[in-house]
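Working notes, beginning with the structure itself.
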Amino acid sequence: MTKTNGRDTNSGKKILVRKNGPYVVHGDMPLARKAPVVSEHGEPLTWKTGEAIETSETYALCRCGRSSKKPFCDGAHARVDFDGTESADIGVTVERQVVHAGGTKIVVKRDYPLCMNAGFCANRITDVEKMVPDTADTQVRAQVIAMIERCPSGSYTYAIEAGEADIEPDLPRQVAVTTELTSDGPIVGPLWVTGNIPIERADGQPFETRNRVTLCRCGSSEAKPLCDGTHRAMGIAED
């Protein structure tokens, strides 16, 4: 909790998912742009932060992918009869996590339903799961940790010892509009919500508050409101 002059500056910060409509962000939440930095082979390496986007204290972000004012909502969801039915599991991560066996001085966990195939957990040579049995090597362990901490959805997490709490990267309390580069130009990526911001479904059910969440921005995810990577097939141009 952050306080300024005794006042809780996080009070009222939350994201509400509107039925068949936008995400409504409350609490004067910072909005920024981010994009993955990739290698010459197209492998995601890290994140680059772009400019901050000016907002009001409460603002609505497009969820259907059809707004002409992206990332903001312009009412297109009503014009196109957007079906925003939510199907993402509202259970807690710890109940879904699978532990990759063989780790040394690290416990690597995976919550598969959260994955949106961002690609930070792999390169053209190897991936996190394959490296886990070799984590007795400090360099390998450090690479595994770096890959996990760049996973935007939080599908991958880690702890040092079994039974200990997961270690999370120190991320800003903000909403980031992500863009992914393709051969045809930049396309709409998910909203990357960081810093343990509460998110509530349209039916009033709360999601588990997590440090890293990726929300669908193309309107076609099969795990709404979470991103499942479908935006890459949609190829919606970023305005």
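Entry remark, the stretch 46-86: residues being among the small types (G, A, S), closer than 22 Å to L226 by Cβ and surrounded by fewer than 12 Cβ atoms within 10 Å (Cβ to Cβ) number 0 in total. Counting only strands (runs of 3 or more DSSP E) that sit completely within the stretch 30-132, those holding 3 or more residues that are under 22 Å from the mean Cα position of the chain (by Cα) and farther than 25 Å from D203 by Cα correspond to 31-38, 44-53, 98-100, 107-110.
Any residue at all in the stretch 123-136 that is crowded, with 16+ Cβ neighbours inside 10 Å and charged (D, E, K, R)? Yes - at least one qualifying residue is present in the stretch 123-136.
Throughout, read-outs are computed from the coordinates displayed, never taken from laboratory work. As the structure is a computational prediction, the values presented were derived from the model and not from experiment. We place every Cβ from the backbone using ideal geometry, glycine too, and count neighbours over all the protein chains shown.
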